[in-house]
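Data first, discussion second: the structure below is written as C-alpha cells.
Bear in mind that the values in this text are calculations on the coordinates, not laboratory data. All values reported here derive from a predicted model rather than from experimental measurement. Every residue, glycine among them, receives a Cβ derived from its backbone with ideal geometry; neighbour counts consider all protein chains shown.
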Amino acid sequence: MRIFFAIFAFSVVVLVSILGFRGSLSERPPIEIFPDMERQSKYKAQSESRFFADGRTDRPVPPGVVHRQYDDPASSERLDDDHYNRGRDSNGDYAEGFPMVVSRAVMERGQDRYRIFCGSCHGGVGDGQGITGEYGMVGVPDFNTERLQDMPEGEWFEVISQGRGLMGAYKDKLNVDDRWAVIAYVRALQRARLGTEEDVPEDMRGELGL
Ligand code: HEC
C-alpha cells in the first residue's frame, strides 16, 4: 500500500508539472497530437502580402484569361425559362421537345459531346455497349428501347444533369446548351435505329442493295 501511495503521489506531481494547474495560463502553444490542417501557411482574403510587389494577396486575373466553362449569353438571358434550364413545362411536368432550334451546328456539337461524355458507356450508337463494359461496367442501358425512345426530352435533361441510379451527373461537364445538344444527337441515334426501307429515298435504295 505504501508503494501505491508513493507511486500515486509521484504521478500527481509529474502530471501537474507537465500539464500545469487548472485555469493557469500558458504562453506555450498546446501540444497537438493530430494537428490535421488546422495551421497552415496561407493568405487570407484582402490581406497584405510581402511576397508580391504590389503588396496584394488577391491576385488580379492575367489579361486575356477566358472562363473555362464558357458562358453562352443565351443562358443568362433565359433564367426564367424552365423548359430550357430544368426540362420542365409550365405544369412542372417533364417538357416535350427542344427549347431551341435544332440546327446542324447543334447536332454536330451534340455528337462531339456525346462521343466524349456518353459513348464510353452507352456506346457510339447508343446501344449500351461502350468500352467501359469490357472493364466491368454493368447495367448500362440500350437507348433504343421503347421506354427511352418515349422518355420526354425534359426527363433526358434531368438524367444528364443530375444522374440517375448508377449513372453520375454531368451538369458540371456539360452546360445547358450542350446537354440539349446531346439529347438532340441521341434522338438522331434512336431515329436511325428505327429507320426502315421507306426512309431511304427511292433512287438511293439500290445503293443499299434493297
Ligand atoms: C460511366 C458510365 C456512363 C456514362 C459516361 C454515361 N452514362 Fe448514362 N447510364 C449509365 C448507367 C450505368 C445507367 C443505368 C443507371 C441505372 O439504371 O441505375 C445509365 C442510364 C442512363 C439513362 C437512362 C435513365 C433511365 O431512366 O433509365 C439515360 C437517359 C442516360 N444514361 C443518358 C446518358 C447520357 C446522355 C450520357 C452522356 C451525357 C450518359 N448517360 C453518360 C452509365 C453512364
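Some points to look at:
- Length added when fully stretched, Met204-Leu25, from 0.36 nm per residue minus Cα-Cα: 55.1 nm
- Modelled FRET efficiency - R0 25 Å, Ile131 with Lys173, Cβ distances, 0.05 increments: 0.90
- Between Thr145 and Arg115, residue separation times 0.36 nm minus the direct Cα-Cα distance comes to 8.8 nm.
- Fewest-first ranking of Ile33, Ile183, using other Cβ atoms within 10 Å as the exposure measure: Ile33, Ile183
- Nearest 10 degrees, 0 to 90: helix 104-117 Cα axis against the chain principal axis: 50 degrees
- Against the rule of thumb 2.2 N^0.38 Å, how large the Cα Rg of segment 129-210 comes out: 1.37
- Over all distinct Cα-Cα pairs of the chain, the Kirkwood formula returns a hydrodynamic radius of 23.6 Å.
- Given charges at beta-carbon only (K, R positive; D, E negative), |dipole| of the chain in Debye: 1900 debye
- Peptide ranges 145-153, 106-114 listed from the most packed, as the mean C-beta count within 10 angstrom indicates: 106-114, 145-153
- Amide H contacts of Gln129 (H built 1.01 Å from N, under 5 Å, at least 5 apart or other chain): Gly123
- Between the Cα long axis of helix 176-194 and the first principal axis of the chain there is an angle of about 40°, rounded to the nearest 10.
- Residue-by-residue Karplus 3J(HN,Hα) for segment 141-152, coefficients 6.51, -1.76, 1.60, Hz, glycine and proline x: x, 7, 6, 8, 10, 4, 4, 6, 5, 8, 5, x
- Two-decimal Rg/Rh across segment 80-196, once Rg and the Kirkwood Rh are taken from alpha-carbon atoms: 0.95
- Label point at Ala192 placed 7 Å out along Cα→Cβ; residues across segment 140-172 whose backbone nitrogen lies under 14 Å: 143-144
- Distance in nm between pseudo-label sites at Asp54 and Ile18 (7 Å out along the Cβ direction from Cα): 5.2 nm
- Springs between Cα atoms under 10 Å define the GNM used for the chain, and in it the highest mean-square fluctuation of Leu19, Leu174, Leu166 occurs at Leu19.
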